[in-house]
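In what follows, a single structure is set out as structure tokens and then discussed.
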Amino acid sequence: MAAALKLISHKLCPYVQRAVIALAEKGVPFERIDIDLANKPDWFLKISPLGKVPVLTVATDNGEVALFESNVICEYIEETQSGAKLHPQDPLARAEHRAWMEFGSAILSDLWGLETAKDAATLEAKCQAVTAKFARVEAALGSGPYFVAREEV
Ligand SMILES: N[C@@H](CCC(=O)N[C@@H](CS)C(=O)NCC(=O)O)C(=O)O
């Protein structure tokens, strides 16, 4: 039988890892399909409007639905799957979580700029941007190590 959830992935993509971590934390079975982003298959381009991974396909009575954008996929997993809750129950704390998820996306974008910098000035600028963003994360974490203690979730 085909898997109810398929995660279209790339082995190096950190956005894919978000979805994988959410699925793994909740113990949800899924099929992972890694594609070559340098040679995107036609079937992938049909279901991925932005041409990016991850895409989560969900089997329904009316066929497969394809979800794109890692944060959206994580929210869907949180809302539909049993297992450990990853968001806090309090709406304000949950909204804060979502805001930091967006901030995480900005960090990943800066990291990509850092890894692919073609000159020293760009490298230095991206280095400073990443350092500043991690300082914000550390400040928000306080004594940490998590944004929310397990018993508060
Ligand atoms: N905002 C997207 C970013 C996903 C993303 O940038 N994925 C990269 C791989 S890590 C990708 O598929 N790049 C292919 C391309 O841009 O052509 C998300 O959170 O899912």
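If the only charges are +1 at each Lys and Arg Cβ and -1 at each Asp and Glu Cβ, what is the size of the charge dipole of the stretch 17-146 around the Cα centre, to the nearest 20 debye?
That gives the stretch 17-146 a dipole magnitude of about 180 debye.
How many angstrom lie between the Cα centre of the stretch 80-94 and the Cα centre of the stretch 19-36?
19
When we measure straight from the Cα of Lys46, which lysines land under 21 angstrom away, once same-chain ones fewer than 8 places off are left out?
Lys6, Lys11
For the chain, what does -39500 (n - 2.57) per DSSP helix run (n ≥ 4), summed and divided by total residues, give at 222 nm, in deg cm²/dmol to the nearest 500?
Helices in the chain give a 222 nm mean residue ellipticity of -16500 deg cm²/dmol.
Normalise the Cα radius of gyration of the chain by 2.2 N^0.38 Å (N = residues in it) and let me know the number.
Values: Rg = 17.4 Å, N = 153, 2.2 N^0.38 = 14.9 Å.
Expressed relative to 2.2 N^0.38 Å, the Cα Rg reads 1.17.
Output the Cα-based Rg and Dmax of the stretch 5-80 in Å, rounding Rg to one decimal and Dmax to a whole number.
For the stretch 5-80, the Cα radius of gyration and maximum Cα-Cα distance read 11.6, 33 Å.
Between Ala24 and Leu45, how many nm apart are label points set 7 Å from Cα along the C-beta direction?
3.2
Can you compute the modelled spin-label distance between Glu124 and Ala84, with each label point 7 Å from Cα toward Cβ, in nm?
A separation of 4.2 nm, rounded to one decimal place.
For the stretch 91-152, just say rounded, prolate or oblate: build the C-alpha gyration tensor, square-root its eigenvalues into a ≥ b ≥ c, call rounded for a/c under 1.5, and beyond that prolate if a/b exceeds b/c, oblate if not.
Cα axes put the stretch 91-152 in the prolate bin.
The numbers here are math on the coordinates, done by the rules we state, and not lab data. This is a predicted model, so every value here is computed, not measured. As a convention, Cβ positions derive from the backbone with ideal geometry for all residues, glycine included, and neighbour counts pool all protein chains shown.
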